[in-house]
Amino acid sequence: MVSDLVPPSRGQQCRGLAHPTSPSLNLARHCLCLEPLHLIAVCHSGLKDVLQRWGFDDLAAGVASRWRCEIAPHAETEAGVRECVLQGRPVTCNPAHAAEVHDRVGAGGGRRFVQEGPWGQFNRPKIAFRGGWGKPGEPLIDEKALHLVRSFKEVYELGDTPLNLQSFHRTAADEAAKAAAAAEEDSIGESAAEPDIPLPVLPDLLEWPLPEFFRVNAGDDDSPDAPCALVDRATRMSRRGAITWWHLDDCGEFVYQAGLAEPDLTPSLVGPCGKPVVKIFIFAEKDAYELITQDDATNATRSFCGLDLFETPDGALPQACVGEDDIPLPRFTLAILEAGGRPLLSPPNCAHLVITVDSCVMVEQRRVSKLFLDEVAYFQRRLQRWDDPPIQYQFVAIQLKDPGLANTNVIPLLLRLLGSSDDCNDNEPDTRNIAIRAFQSLVALRLMHPGHFESDGPGKEAAERVDRISSGAAAPAWFDIGAVQHREILMTMMKGKTGLFQLGDRVAAYVHENGCPRWGPLRSIEVAAIGDRLAMLDGIREGRLLPVIAELATMSDRAAESSIETEAPPPAVTVPPASIESSVSAAHSEVSFFD
């Protein structure tokens, strides 16, 4: 695969990305060594190398050389998009899908549209987020991360720290409830202000691909014959230099996003459509979640605990002991969003971070597909481990949870799609794919809400049908028990114990230093990894953690095992993170979608 990203032309003025905790630190981020239209082959390349080739030298400086990456594919056709969706991969789609959005915005571009329209000024201030929110080591709840703005223009121009603002497009009932709450509890003395003129609902102009998975009925968030439910839409304003740190989206939904055109923007990076790159999404593999973020540690410390991709050296990553074969680390996928370019379809439940390369406006719409309810089930399992879960969308919290609604609006559709597949074969891939997805969704819904399938009606009929297929008594040609088992394994997420991470058939201990995980060597024996963890905790107290990890990598499993009593219990969760400076050049954050 070839990426067409290019840096700006030689001699173009460079600009810096400010540090979130040190606004005065302005590190240059430019690339003057590559000519325009230079093609960079990055299929299965090193992440550090790719960032450097794109001109992000300062950002890449602290990236470990062992991280691999690939560029998200682009698909012009429905068949290409379908393949990526079924594989759980991000994919950029035909630019025509966002044509109506760009037509509505007009020639002035996204930032002028939001700033100069009648909706550009606010009667009541809105809450924006300062750069730095969500960074490993930062508090989960921090009022200093918030800032009140009185216009969209202030998001881009106020102060030295980048601000990020989301404008949600909710239903009339939602807006009425919001207005009532604001009038009842007025903390800033402006409850009598006139309502703000709302932004046009640009996300509704996006044309989604794959109607068999993502079609919704206009004006109806949930319909018995629609395979998908619209759950949210928003317009995001982001200032250059922001980073959204690792997160999942809100409930197992798909997200369709488009960057608005910016004709007056001097680009920092030019994308495959010849347009300015405004955001770079870095997706982790789904089953690498516990390598990326550690929920138990976050709960225990009340601070974000997870991988600082830009400040974790190779020696702090899971690695084989000296003389043993190494196990490759999971691969990242980089997806590019251009201003006025290809829209991005993001899969559910892949932890990702987002770098805002240039100030921009992005519109997005979120949909839960009834044919991918296993993604909802996966998220619900994650949710149970969080002390501060997000508010759930109505479709998940009500439509799927209520047995009457589920047996009216969800289960009959899945049963019909499953039943229509009895005679399908390898020559009918579309029908087969829909049948597989219907089966997976019924299995997942039954795991979440078994009571829906106990009473007479569609639920009980679906349960009997699923059981017959699973037992092999009525398994059609498309049924693959291996694939089903793999999905169930992913949903259980029983990967190791607190303080231990499993990679392949080996396990590595980890501890946290300032909210960032540091891993010991990969062991074949769990108790050896526990011994490593005790030594690593001592290393933190002595201020020599990395040398200790290097020493442990020279020890055999048996030597590490003998260093502790085999009956010793696993040590405590983590060392609480402290607030320290980092040298990441673009370490800012934008608000997560959690509301």
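The values are calculated or read from the model by the stated rules, or taken from the named source; none is laboratory data. Note that the structure is predicted; figures quoted are calculated from it, not measured. Don't worry about glycine lacking a Cβ; one is built from the backbone with ideal geometry, like all the others, and counts go over all protein chains shown. The area values use the complete protein model at the heavy-atom level, side chains included, leaving out ligands, DNA and RNA. Shrake-Rupley method; radii C 1.70, N 1.55, O 1.52, S 1.80 Å.
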(request) Heavy atoms only, probe 1.4 angstrom, no DNA, RNA or ligands counted: give me 417, 522, 146 ranked by accessible area, highest first. (result) 146, 417, 522
(request) Measure off 7 Å from each Cα along the Cα-to-Cβ vector at residue 302 and residue 266, then give the distance between these two points in nanometres to one decimal. (result) 4.6
(message) I need the calculated FRET efficiency for the pair residue 197 and residue 524, taking r as the beta carbon distance and R₀ as 60 Å, to the nearest 0.05.
(response) 0.40
(message) Taking the Cα centre as origin and putting +1 on Lys and Arg beta-carbons and -1 on Asp and Glu beta-carbons, what dipole magnitude results for region 273-338, to the nearest 20 debye?
(response) 500
(message) Below 18 Å, Cα to Cα, which lysines can residue 275 reach? Residues fewer than 8 away in the same chain don't count.
(response) none
(message) Highest mean first, how do 463-470, 64-71, 525-532, 160-167 rank when packing is the count of other Cβ atoms within 10 Å averaged over residues?
(response) 525-532, 160-167, 64-71, 463-470
(message) How large is the accessible surface of residue 76 in square angstrom, using a 1.4 angstrom probe and rounding to the nearest 10?
(response) 100
(request) Quote to one decimal, in nm, the extra length available between residue 77 and residue 123 on full extension: 0.36 nm per residue of separation minus the C-alpha distance between them. (result) 12.1 nm
(request) Might you work out the accessible area of residue 449 for me, using a 1.4 Å probe with all protein chains in place, and round it to the nearest 10 Å²? (result) 40
(message) Over 23 Å between Cα atoms: which of 279/370; 286/460; 48/135; 401/497 fall into that group?
(response) 279/370; 286/460; 401/497
(message) Give me the percent of accessible area attributable to carbon and sulfur for region 275-423, probe 1.4 angstrom.
(response) 48
(request) First measure r as the distance between the Cβ atoms of residue 116 and residue 397, then evaluate 1/(1 + (r/R0)^6) with R0 = 41 Å and state the FRET efficiency to the nearest 0.05. (result) 0.60
